[in-house]
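J.: For reference, the structure I am asking about is given below.
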Amino acid sequence: MQNFLKELKISELNKGVSTGTKWFSASGEKIISSSPVDGKQIASVNSCDKRSFDYVVETAQNAFVEWRTWPAPRRGEIIRQIGNELRRHKDILGKLVSYEMGKSLQEGMGEVQEMIDIADFALGLSRQLYGFTMHSERPGHRMYDQYHPLGIVGIISAFNFPVAVWSWNSFIAMVCADVCIWKPSEKTPLCAIACQHIISKVFKENKVPEGVCNLVSGGREVGEWIANEPKIALVSATGSTRMGKAVGAAVGARLGKSLLELGGNNAIIISKEADLNIALVGCLFGAVGTAGQRCTTTRRLIIHEDIYDIFKKKLIQAYRQLKIGDPLKEENHVGPLIDHDAVDAYLNAINQIKKQGGNMALAGGILSGKGFESGCYVKPCIAEVTNDMEIVQHETFAPILYLIKYKTLEEAIEIQNAVPQGLSSSIFTLNLREAEWFLSSKGSDCGIANVNIGTSGAEIGGAFGGEKETGGGRESGSDAWKVYMRRQTNTINYSDTLPLAQGIKFTV
Ligand code: NAD
């Protein structure tokens, strides 16, 4: 076992169910956690069974009754302390993220930093859960709206951000006085167990009610229990569009609330008036960072015909410099894909590109030999395509970059928008008119639209999410917290009469 796992001092890695400080050995299926870095099995975790799940839901319900009475700044203080615990564990948790998920150590650390940032944001938010005041049309009346907690928030998360997505949701939800039940990806169970151990110290020291922050490890079935559980007021689900359609339908059928953060098919438009040097870095990081396994990964480059050949040449040269290998080693830019299924999906996509008439400008393939024993390392590749190809319309979660040529900005924006997904988009241009057009209502139809920045690497201060098949949810910064609360409009009459709105007379 890697030394850093010992350093985390987790006594029983196999326990996958927790109500905060207490851990349970549930009797669900065993999940095996293997590292895509070296192919080694790290541990096996007992997933949650239905009885344990029902117990967790009941514990969460009871905890909510007390937790909602804690003043918001006191809840913020708990999140502040959690942020500090994360600061102390940044190095070790970052390594675990990198080892279990396969992203570079830089990005693993970055993910933990994102958790720290959102803890700071949530702390500030705990004193800013503002409603509006309105002027009443009736004399001697006052109106305002205020926000109350929803109750239990279910969090279903994907493998590619095994810790940050949970913190985006749970830190904000807890400050809003909600209680959380987290089902992490079955591909990264240990990252979740580590997080829960790190924060449980804070819960113990502050006597936070058991059940405020719960963990239910497991696969799709546990996610389905969350989606179908009427006691769970809001289900925040991050993952594929396939999963989101199933979760959205189940939650919708019981008229619950859902917050869906699903797949992307993100494009960058490279204008002939772009600074090609910064565009190159933006495209490269966007396309190969996390081995193409970010929801915001750059999948399509829409390049002006006048600079198409020169930019393609620069890109291929840059790709040839990339170092692929153990993501825990700082010199490597690209780590492995998460598992063999992901490698199969990558190979299948390359076959489809060729079948559908695309041209491989830079070939892909699996790497083998020393250092690549896990069989999960693949070469980032580049294909020249047209946007209407079936494979281009689909999100392949791997480092495959599509190049598409355009003549006019109108055409480029049309191409950019002509996919089912609507997460992240950007334009590289030094022309103000082009930039503003791209950001206008005639421009990008995505939840995220950037100028002279790539599609990936969002900051926590903004609301994060996308349109169309990306699900429409928003989480993290700005006023995304409102999704985690219910809104109430209050009218108070301090006069000695009872006038009705709209001047209606009712006398007896
Ligand atoms: P996935 O859909 O396979 O799994 C995500 C989670 O959903 C897992 O915890 C899984 O167990 C659970 N799940 C699967 N089917 C379910 C069902 N029917 N009911 C309830 N739960 C179910 O996704 P993945 O492979 O882990 O992650 C990759 C996908 O996630 C990509 O499409 C990526 O774009 C997307 N993603 C989106 C965002 C975003 O913010 N928009 C962020 C990260 C990842």
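J.: Can you give the FRET efficiency to the nearest 0.05 for Glu7 and His148, using r as the Cβ-Cβ distance and R₀ = 35 Å?
T.: 0.25
J.: For the stretch 115-150 and the stretch 172-229, what is the separation of their Cα centres, given in Å?
T.: Between the Cα centre of the stretch 115-150 and that of the stretch 172-229, the gap is 26 Å.
J.: Which whole-angstrom value gives the distance between the alpha carbon centres of the stretch 33-60 and the stretch 391-459?
T.: 38 Å
J.: Something else now. Checking understanding here: applying a Kyte-Doolittle mean of at least -0.5 and a length along the axis of at least 27 Å (C-alpha), which whole DSSP H helices in the chain pass?
T.: Correct list, ordered by number: 105-125.
J.: Related question: May I ask you to work out the translational diffusion coefficient for the stretch 116-166 at 4 °C, viscosity 1.567 mPa s, via Stokes-Einstein with Rh from the Kirkwood sum over Cα pairs, reported in whole µm²/s?
T.: It comes out at roughly 88 µm²/s.
J.: Let me ask another. Starting from the eigenvalues of the Cα gyration tensor, five times each then square-rooted, give me the equivalent ellipsoid semi-axes of the stretch 266-451, largest first, whole Å.
T.: Semi-axes from the Cα gyration tensor: 28, 17, 15 Å.
J.: A further question follows. Would you please classify the overall shape of the stretch 277-329 from the alpha carbon gyration tensor, given that a ≥ b ≥ c denote the square roots of the eigenvalues, rounded means a/c under 1.5, and beyond that prolate means a/b larger than b/c while oblate covers the rest?
T.: Oblate, because a/c is 1.5 or more while a/b does not exceed b/c.
J.: For labels at Thr507 and Gln488 in the simple 7 Å Cα→Cβ model, what's the distance in nm?
T.: 3.5 nm
J.: Go ahead and run the numbers for FRET between Gln393 and Asn351, Cβ-Cβ distance against an R0 of 22 Å, rounding to 0.05.
T.: Given R0 = 22 Å and the Cβ-Cβ separation, E is 0.85.
J.: Here's a follow-up. Going 7 Å from the Cα of Glu273 toward and past its Cβ, which residues in the stretch 421-439 have a backbone nitrogen under 16 Å from where you end up?
T.: 427-439
J.: Based on DSSP H runs of at least 4 residues, each adding -39500 (n - 2.57), what is the mean residue ellipticity at 222 nm of the chain after dividing by all its residues, to the nearest 500 deg cm²/dmol?
T.: After summing the helix terms and dividing by residue count, I get -11500 deg cm²/dmol.
J.: While we're looking at this one, here's another question. Taking the number of other C-beta atoms within 10 Å as the exposure measure, put Met115, Met485 in order starting with the fewest.
T.: By the 10 Å Cβ count, ascending: Met485, Met115.
J.: For a quick check: sort Thr296, Thr69 by the number of other beta carbons within 10 angstrom, fewest at the front.
T.: Starting with the residue having the fewest Cβ neighbours, the order is Thr69, Thr296.
J.: Over the chain, what is the percentage of antiparallel beta bridges among all DSSP beta bridges, to the nearest 5?
T.: Roughly 40 percent of the DSSP beta bridges within the chain come out antiparallel.
J.: How big is the antiparallel share of DSSP beta bridges in the stretch 389-504, given as a percent to the nearest 5?
T.: The answer is about 50 percent antiparallel.
J.: Still on this structure, please answer the following. Please give the length that would be gained between Tyr130 and Glu205 if that part of the chain were fully extended, namely 0.36 nm times their separation in residues minus their C-alpha to C-alpha distance (nm, one decimal).
T.: Taking 0.36 nm per residue and subtracting the Cα distance, the gain is 24.1 nm.
J.: Using 0.36 nm per residue of separation minus the Cα-Cα distance, give me the extension gain between Leu439 and Lys22 in nm, one decimal.
T.: Working it through step by step, the gained length comes to 145.2 nm.
J.: Can you give the local net charge around Phe171? Use residues other than it whose beta-carbon is closer than 15 angstrom to its beta-carbon, Lys and Arg +1, Asp and Glu -1.
T.: -3
J.: Kirkwood Rh over alpha-carbon pairs of the stretch 423-508, then Stokes-Einstein at 4 °C and 1.567 mPa s: what D in µm² s⁻¹, rounded to an integer?
T.: Answer, rounded: 77 µm²/s.
J.: Using all alpha carbons of the chain, what is the percent of pairwise distances in each 10 Å bin, ordered from the shortest bin to the longest?
T.: 4, 19, 27, 24, 15, 7, 2, 1, 0, 0
J.: How high is the FRET efficiency between Arg320 and Ser368 when r is their beta carbon distance and R₀ equals 22 Å, given to the nearest 0.05?
T.: 0.70
Computed from the coordinates by the stated procedures, all read-outs in this text should not be read as laboratory data. None of the values given here were measured: they were computed from a predicted structure. Glycine gets a Cβ as well: all are built from the backbone with ideal geometry, and neighbour counts include every protein chain shown.
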